Amino acid sequence: MARSTPDIPNASMADIAFLLLTFFLVTTTIANDKGLQLQLPPPPEAQPPEDVKIQERNMFKIQVNSSDALLVEGEPMDDVSGLKEQIKKFVLNRGVDPASSDSPEKAIVSYKTDRGTSHKRFIEILDIIQGAYYDIYADQIGVSNAKFREIASDLTTDDNRRLYEKAREGIPMAISIAEPTKVGGN
Amino acid sequence: MSKFRKKSNVKQDIPTSSMPDVVFMLLFFFMVTTQLRETSIDVMQRIPEASQLRKLQRKSLVTNLYIGEPKKTEQFGKEPKIQAGDVFIEPKDIILWVNREKDKLPENERDQLTVSLKVDNEAKRGIIADVETELRRANARKLLYTTLQTRDDKK
């Protein structure tokens, strides 16, 4: 008797394998390594006692208190939608308005919080400040904000490095994050 | 004679059609289990949203610090804590921790270590500022506040 060997149909196997592969590709959450980048200043001990006078006009003061309320240049602000434009105007003033910055090089955005400020609020404002600078940089080289951030994230190619340096020429991202005050929180 | 002939006609190969299935199954098994073996995070992680995100180039240079309210509040209290690896640490331990992390990197890349701060929405600036001060002392000054992309991104 010719015994037929049992055969499993395997034409669909590739389909199943691909289906599984796709399923895992979609569902696997890759650890999130995106966010707001920042360079911290040198250690407090290493800094020589500062005697540098920064002119009032070159300083854009942003303060957030322990109940997350915002103070911009001494004025309370509820709606943050206009803040980005205000910062851009301040940085690119180039001495036109006597109450605003001398030049982009001298402009400093000072950001002070309280120990009781929530991280959510801190990130929200920091996002706006950095966004203002990225907008300026992107304008310098005529690309979109998103494209500039892409370039800035990958400085391994010469092309990107050149564009990045051109964008930042004369406009340092001077965000000063001050030691928080001790009103709220521990 | 005929008896021997008959025997040599019998098929002797093992069916191999299911072997790829087995291989894939093993692959997926390991994919899933390696995910599970990652450090479990014992602090709340409601990550804030922002729009101006930047990507980190090299993952090998990144090390994580988790800050937030402990998940087991009855055991650890409600005050936000710092988690490094598997343990809770105090701000004063950060210099030591940074140096250990730096030791894991090749010598020429130690100054490029980036600390990724994964901070809960409700954590206060106070504890984060303490961490930042210690990071400055430890000379690990590249920092990343991990955030999610804002959903209504206007860009």
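The values are calculated or read from the model by the stated rules, or taken from the named source; none is laboratory data. Just so you know, these numbers come straight off a predicted model, no measurement behind them. Glycine also receives a Cβ, built like all others from the backbone with ideal geometry; neighbour counts cover every protein chain displayed.
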### Task
Write out, first by first residue and then by second, each pair whose Cβ atoms fall under 6 Å of each other, whose residues are 6+ apart or on separate chains, and whose first residue, in the stretch B:48-77, is under 26 Å from A:N160 (Cα atoms) and facing chain A (nearest Cβ under 7 Å) while the second is crowded, with 17+ Cβ neighbours inside 10 Å and aromatic (F, W, Y).
B:Q52/A:Y134
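So is A:I136 over 30 Å from B:I67 (Cα atoms) and either within 14 Å of chain B (Cβ to nearest Cβ) or small (G, A, S) (or both) or not? Explain how you work it out, then say what you get.
Numbers: over 30 Å from B:I67 (Cα atoms): yes; either within 14 Å of chain B (Cβ to nearest Cβ) or small (G, A, S) (or both): yes.
Spelling it out, A:I136 is indeed over 30 Å from B:I67 (Cα atoms) and either within 14 Å of chain B (Cβ to nearest Cβ) or small (G, A, S) (or both).
Quick check on this structure: which one of B:M44, B:M1 is out of contact with any strand residue (DSSP E or B) (no Cβ under 7 Å at 6 or more places or on another chain) and either within 18 Å of B:Y145 (Cβ to Cβ) or modelled with pLDDT under 85 (or both)? Quick ask: steps written out before the conclusion?
Working: B:M44 fails: out of contact with any strand residue (DSSP E or B) (no Cβ under 7 Å at 6 or more places or on another chain).
B:M1 is the lone residue from the list that is out of contact with any strand residue (DSSP E or B) (no Cβ under 7 Å at 6 or more places or on another chain) and either within 18 Å of B:Y145 (Cβ to Cβ) or modelled with pLDDT under 85 (or both).
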### Query
If you take the residues of the stretch A:136-180 that are over 30 Å from B:D130 (Cβ atoms), surrounded by fewer than 20 Cβ atoms within 10 Å (Cβ to Cβ) and touching a residue at least 40 places away in the same chain (Cβ under 8 Å), which of them is farthest from the chain's Cα centre (by Cα)?
A:G170
### Qualifying residues in the stretch B:108-134 (those that are of a type outside the set (S, T, Y) and out of contact with any helix residue (DSSP H, G or I) (no Cβ under 8 Å at 6 or more places or on another chain)) - the one surrounded by the fewest Cβ atoms within 10 Å (Cβ to Cβ)
B:N108
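Could you identify the single residue in A:I177, A:I108, A:I123, A:I128 that is more than 14 Å from chain B (Cβ to nearest Cβ) and under 30 Å from A:A69 (Cβ atoms)?
Values: A:I177 fails: more than 14 Å from chain B (Cβ to nearest Cβ); A:I123 fails: more than 14 Å from chain B (Cβ to nearest Cβ); A:I128 fails: more than 14 Å from chain B (Cβ to nearest Cβ).
Residue meeting the stated conditions: A:I108.
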### Query
Can you name the condition, by its number, that B:T73 falls short on among (1) among the polar types (S, T, N, Q); (2) more than 19 Å from the chain's Cα centre (by Cα); (3) modelled with pLDDT of 85 or more?
(3)
### Task
Filter the stretch B:90-139 down to residues that are within 19 Å of the chain's Cα centre (by Cα), farther than 12 Å from B:I67 by Cβ and facing another protein chain (nearest Cβ under 10 Å), then give me how many there are.
1
### Query
Does any residue of the stretch A:62-71 turn out to be at positive phi and of a type outside the set (A, V, I, L, M)?
yes
